[in-house]
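First up is the structure itself, then whatever we jot down about it.
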Amino acid sequence: MQDRFIKQISQLPADLAAELVPMLNRHFSGHFDPQQVAQLMAASGLSKSELMFHLLQIAKQLSLAPISQFHVGAIAEGNRGDLYMGANLELQGRALCHSVHAEQHAISHAWLNGETGIKDIWINATPCGHCRQFINEIEGGAQVNIHLPNTAVKTLAEYLPNAFGPADLGVAAPLMQKQQHTLYCDDQSDPLIIEALDHASLSYAPYSANHSAVVLELYDGQTYSGRYAENAAFNPSMMPMQMALANLVRHNHGFDEIKRAVLLESSAGALSLIDVSSDALQAISAVPLEHIVAEAI
Ligand code: THU
Ligand code: ZN
């Protein structure tokens, strides 16, 4: 089991802890498939709801919050019953706008795994306005059920009445809906660029057309990516660097393992994320940010 869970596991019911320990092995990155969920319920005798609130204690351990020391965990459930954990991430010494909220992290985790929607989300603290707005961007967002400790389940529409969303800006294909934007790059020899092209083509940038992605390569050769996810209210957008860093942290890697960092952006974008991405990267690494502009076709 990974060290970061040792303290929390001892607080969980013994039957649940025993079943969970082998799942929290060195490969664990915050995902449970439906079979594992069924296994955890059967072994622990807990209801789904009881299980989820215990698992939030594990999700919270994925948090890195050097500024607030306030650790938030979230778990998004995908369309087939997979669970995707996320937690907040703050970058030491950098502007607060660089932070990732637990809800954004969990939803981006589901999206990176190919999910096209979320039905339910569990959070250990009430979702802030920014997160309500972020959830409202996803396909069927208004109907997402929000589960909080000691609180009746309510839909996002109840937490965010009179919502402003993608439809107000004429966007018909919201976040997480499958869409593919074709981007082309001359250099096909660099695997990092190929990976960045793949992710940028799946990114969500209906407001700026800045289809973009970040790929981080570690010294051991593993890569962690993030895609740009814009928001109708602009400020709650999730940057590709933040998504990639959250992905890396979730996989239990340290920032000192980063060997290369690539930002790939579409030539058709109305803006560039180069400065904001470099600023975030410099907070945690001395590696320079490589910048590629791909042709939008
Ligand atoms: N936070 C969340 O992760 N979700 C919320 O909706 C509430 C706030 C995080 C952001 C920041 O890292 C810390 O909690 C303090 O606001
Ligand atoms: Zn929030």
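Being more than 10 Å from ligand 1 (Cβ to nearest atom) and under 26 Å from H130 (Cβ atoms) is true of M85. Using the structure shown, decide if H101 is without any contact (Cβ under 8 Å) to a residue 24 or more places away in the chain and either in contact with a His (Cβ under 8 Å, 6 or more places away or on another chain) or within 16 Å of ligand 2 (Cβ to nearest atom) (or both). No; evaluated as a whole, the condition is false for this residue.
Among the residues making up the stretch 23-36, those that are over 20 Å from the mean Cα position of the chain (by Cα) and part of a helix (DSSP H, G or I) are M23, Q35, Q36.
Results for (1) among the polar types (S, T, N, Q); (2) on the phi > 0 side of the Ramachandran plot; (3) free of Cβ contacts under 8 Å to residues at least 12 places away in the same chain; (4) away from ligand 2 (no atom under 12 Å from the Cβ), shown as yes or no for each residue.
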residue: I123; (1), (2), (3), (4): no, no, no, no
residue: C131; (1), (2), (3), (4): no, no, no, no
residue: I135; (1), (2), (3), (4): no, no, no, no
residue: G141; (1), (2), (3), (4): no, no, no, yes
residue: N145; (1), (2), (3), (4): yes, no, no, yes
residue: M176; (1), (2), (3), (4): no, yes, no, yes
residue: Y184; (1), (2), (3), (4): no, no, no, yes
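Residue by residue, here is whether (1) in a loop (DSSP other than H, G, I, E, B); (2) surrounded by fewer than 24 Cβ atoms within 10 Å (Cβ to Cβ); (3) among the aliphatic types (A, V, I, L, M); (4) away from ligand 1 (no atom under 13 Å from the Cβ) holds:
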| site | (1), (2), (3), (4) |
| --- | --- |
| K60 | no, yes, no, no |
| N79 | yes, yes, no, yes |
| G93 | yes, yes, no, yes |
| H105 | no, no, no, no |
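Does A43 qualify as being within 19 Å of the chain's Cα centre (by Cα), small (G, A, S) and either part of a helix (DSSP H, G or I) or not assigned by TED's automatic domain parsing to the domain that holds G81 (or both)? Considered against the rule, which asks whether it is within 19 Å of the chain's Cα centre (by Cα), small (G, A, S) and either part of a helix (DSSP H, G or I) or not assigned by TED's automatic domain parsing to the domain that holds G81 (or both), A43 comes out as no. Looking across the stretch 253-297 at every residue that is surrounded by fewer than 17 Cβ atoms within 10 Å (Cβ to Cβ) and polar (S, T, N, Q), the one that is farthest from E195 (Cα to Cα) is identified as Q282. Screening G140 on (1) within 16 Å of the chain's Cα centre (by Cα); (2) modelled with pLDDT under 95 shows it passes everything except condition (1).
State all residues of the stretch 178-198 that are outside any helix (DSSP H, G or I) and exposed (fewer than 14 other Cβ atoms within 10 Å of the Cβ); if no residue qualifies, say none. Let's see the steps before the verdict.
First pass over the stretch 178-198, keeping only residues outside any helix (DSSP H, G or I): 178-190.
K178, Q180, T182, Y184, D186, D187, Q188, S189 - these are the residues of the stretch 178-198 that are outside any helix (DSSP H, G or I) and exposed (fewer than 14 other Cβ atoms within 10 Å of the Cβ).
In the stretch 113-161, what residues are assigned to a helix (DSSP H, G or I), within 15 Å of ligand 1 (Cβ to nearest atom) and exposed (fewer than 13 other Cβ atoms within 10 Å of the Cβ)? Listed by number, the list holds a single entry, G129.
The values are calculated or read from the model by the stated rules, or taken from the named source; none is laboratory data. Just so it is clear, the structure is predicted and the values come from calculations on it, not from any experiment. Positions of Cβ are generated from backbone atoms using ideal geometry, with glycine treated the same way; all protein chains shown enter the neighbour counts.
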